[in-house]
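Step one of this worksheet: look at the structure below.
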Amino acid sequence: MKQKGQAMDTQVNKKKTASWKRYGMEFLMVFAAITLGFFADNQREKWSETARGVQYAQRLVEDLDLDSIRMEEVKVNYSIKAQQINTLIPLMQSGLEEKPFLDSLFAYFTLPGSSSLVTGISFVENMATRDELKSGNMRLIRSDSIVRHLSVYTRKEQIFMGNQTRYREKRLELLGLIEEVYDMPRLGLDKLQGKKPEPHLLPLDPKQLRRVSNAVANLQGMLNNLESNVETIAEERRLLRKLLLAYIEEKG
């Protein structure tokens, strides 16, 4: 009886051991499946984020190209203004009340559209993609160089935009001063009657003409500053574009 009882205990122990082994294997299989699934989901998420980062990089390149086109239009307008001012400065030095200066000032004042000395084409920032990246999506572009140069480019554009705003304010100031030199109602009547605009002068005030002269000189200084801004922005844009294209080629 004793031997029979021992045999039964042995069989029970074997069954318990086999049961625990089976449970252990099942646990390991479930754990492995969950772990592999986690890693697979994580990898898919990384691939998805990389693809989205490439899309943002491509959109940034498109934005930079559009910025370049817009800036070229502004540069042409700056060039026109610079030529006009460079003509006026020597005439101003020859005499503010002299006919050559007053006639040239009037001619540049009455030019149509953005060709006029006191109007122009303004650069408009294209911030749509950059605003999306600032909202937390910048992490999708995994390149410290791109992030750094994008920040520098944005900062240089902000400086330029501030200078451009002050330049527009000076143009408007000059517009008001010129309108106090010439008889604007008679100019309007000439246009209405289809006549060639003539510089009908109001009674000349030397102080008023001096303010016009100072405004033109200030405009020249601000224009030189803006042209310098444009060149530094263009250099940073070229570098940033090169980095973005290399990133797209590597990650795309």
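The values are calculated or read from the model by the stated rules, or taken from the named source; none is laboratory data. All values derive from a computational prediction rather than experimental measurement. As a convention, Cβ positions derive from the backbone with ideal geometry for all residues, glycine included, and neighbour counts pool all protein chains shown.
Things worth noting here:
- Of all residues in region 87-106 being of a type outside the set (D, E, K, R) and either touching a residue at least 60 places away in the same chain (Cβ under 8 Å) or farther than 24 Å from N214 by Cα (or both), the one that is surrounded by the fewest Cβ atoms within 10 Å (Cβ to Cβ): I89
- Restricting attention to region 161-181, the residues that are in contact (Cβ under 8 Å) with a residue 40 or more places away in the chain and either not in a helix (DSSP H, G or I) or not aromatic (F, W, Y) (or both) add up to 12.
- Residue within region 158-171 that is in contact with a Pro (Cβ under 8 Å, 6 or more places away or on another chain), surrounded by 13 or more Cβ atoms within 10 Å (Cβ to Cβ) and either under 19 Å from Q220 (Cβ atoms) or not hydrophobic (A, V, I, L, M, F, W, C) (or both) present: no
- Selected residue (criterion: nearest to V54 (Cα to Cα)) from residues of region 108-133 that are loosely packed, with under 12 Cβ neighbours inside 10 Å and without any contact (Cβ under 8 Å) to a residue 12 or more places away in the chain: D131
- One residue alone among S114, S79 is of a type in the set (S, T, Y), modelled with pLDDT of 95 or more and part of a helix (DSSP H, G or I), and that residue is S79.
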